[in-house]
Amino acid sequence: MHADTERCVRAVRSKDARFDGWFFTAVLTTRIYCRPSCPVVPPKAENMTFYPSAAACQQAGFRACKRCRPDTSPGSPEWNARADTVARAMRLIQDGVVDREGVPGLATRLGYSARQIERQLLAELGAGPLALARAQRAQTARLLIETTGLPMAEVAFAAGFASIRAFNDTVREVFALSPSELRDRAARSAHGPRARRATERTRTPGVICLRLPFRAPLTPDNLFGHLAATAVPGVEEWRDGAYRRTLSLPYGHGIVSLTPRPDHIACRLSLTDPRDLTLAISGCRRMLDLDADPVAVDAQLRADPLLTPLVDKAPGRRVPRTVDAAEFAVRAVLGQQVSTAAARTHAARLVTAYGEPVDDPEGGLTHLFPSPAALAGLDPEALALPRSRRTTLTTLVAALADGALRLGPDSDWEEARARLTALPGFGPWTVEVIVMRALGDPDAFLPTDLGIRRAAAHLGLPSTPAALTARAAAWRPWRAYAVQYLWATEDHAINHLPA
């Protein structure tokens, strides 16, 4: 979109928050870059130039605006709506892969050479993987500086910087403030949300509190209702108006608490190693589908007169996803042809037997969900499942454990469908629900799902899978969101926030 100057200028002049993250406005006279909804008086059109990413702005010599904080805007919805190489690379960079594995590791995961990845990212985003990762590190550093009392040296290495000097230089260049000045500036906001978070940090050392932005509207009912209704005891819970769960992370583990607010999601993170902050935040954003563009999604679905009342009643529904694709695949198999309660019971037994124990002084979380490697040694005869389901589960776990099947943000959706379909016991419903909720394909569709078929019959849509799929072609590429609206026609726990 950044190449359409006229459209970008209109968005900036109207301060349209829907375009935050789609592009960034760089002001030639001040050398500052902003989000489109920046509250300051818009500059003259001839003084504005537009970039597709914050990294491209920084690479061109612009610093982040102190008013609108463009580095904290929602991510571009493009990366969650596409499965091409650039989108997969961006999802991996957001997860901190370049910091942990370098550009060669990023290229290996994507199956291309480092030069090809560099060329594609430069062509579309105006910045290569190192510059994009540097912008990500700067954002993580700012969060740690403003929301924790960690010494600056620990902040530098936790954010992914190789040296304190690189950390200091990057922070000064991007924010026009030193790390200490950033922290002092946040502390001086005595009547703002940062002061309240600072007070909370004093009571609870080691806890990081932040706001996760999203594009309005957002209907939290089915999003948090689904996560709470299907929560695995010991791994997830709903407590005091928040969804809480344990996180398995590269350097340790964590516990996250997510509370829906009218204009943001309140996120409270407790990590055993702050180097996991970047991945924890991106995982939570992906699980709650916070980078979606609900205006575009709902406009497409409203074009069908039978869906219009559903969209108008509760616009902005999101697809409830997951922080761990392998975990969800295991849970999808456990949930085949059984009730939600039975699926939770089966999963809880696996967690108790194979999950790593954790300490949760603030709630009732007890374990991490077991990894494929931990589940590889399970005894099929100990599972209270039909024999065919045991075979399906053990085959899936073996494929995940030995790397024959890789599921994650870098997965190619069509390739994943083919690999899952080749496993015994994986029918269309299981494959599509994994691709929809674990891999994030916004066009995944479940025409054989019982709830979808009941909703279709109730609304007057075709009820047979083939006919419904043909009708749903008009909803593409947002059929996964249509699934959420159709599920919402039933009075089920997944559609309501818990009391």
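We did not get these values from a lab; they are worked out from the coordinates using the rules stated. Only a predicted model underlies this, so the values are computations on that prediction, with no experimental measurement involved. FYI the Cβ positions are ideal-geometry reconstructions off the backbone, even for glycines, and counts take in every protein chain you see.
Brief remarks follow.
- Radius 13 Å from Cβ of P42, net charge of other residues (Lys, Arg +1; Asp, Glu -1): +4
- Based on C-alpha pairs under 8 angstrom that are at least 6 apart in sequence, the chain has a relative contact order of 13 percent.
- Globularity ratio of the range 5-70, using Cα Rg and 2.2 N^0.38 Å: 0.94
- Lone cysteines, the chain (no partner Cβ under 4.7 Å): C8, C57, C209, C267, C284
- Highest-first arrangement of 237-243, 455-461, where packing means the average Cβ count within 10 Å: 237-243, 455-461
- Estimated purely from DSSP H runs of n ≥ 4, each contributing -39500 (n - 2.57), the mean residue ellipticity at 222 nm for the chain is -14000 deg cm²/dmol once divided by its residues.
- Residue order, fewest to most beta carbons within 10 Å, for S411, S163: S163, S411
- Think of the range 78-187 as having a plus end and a minus end, set by charges on the Cβ of Lys, Arg, Asp and Glu; of G128, Y112, T170, Y112 sits farthest toward the positive end of this dipole.
- In terms of its alpha-carbon gyration tensor, the range 344-499 comes out prolate; a/c meets the 1.5 threshold, and the first ratio a/b outweighs b/c.
- Expressed to the nearest 5 percent, the antiparallel share of DSSP beta bridges inside the range 5-70 is 70 percent.
- Taking a sphere under 11 Å around the Cβ of L383 and counting the other residues whose Cβ falls inside, with K and R at +1 and D and E at -1, yields a net charge of +2.
- Evaluated with a Cβ-only charge set (Lys, Arg +1; Asp, Glu -1), the range 209-437 carries a dipole of roughly 360 debye about its Cα centre, given to the nearest 20.
- Part-to-part distance (alpha-carbon centres) for the range 333-371 and the range 445-496, which is given in Å: 29
- Theoretical FRET efficiency, 1/(1+(r/R0)^6), r = Cβ-Cβ of R261 and V40, R0 30 Å, to 0.05: 0.75
- Footprinting exposure proxy ranking of D412, D441, fewest other C-beta atoms within 10 angstrom first, gives D412, D441.
- Going by neighbour counts of Cβ atoms within 10 Å, the residues Y485, Y251, Y51, Y354 line up, fewest first, as Y251, Y354, Y51, Y485.
- Anisotropy class of the range 209-437 from Cα gyration tensor, a/c 1.5 cut: oblate
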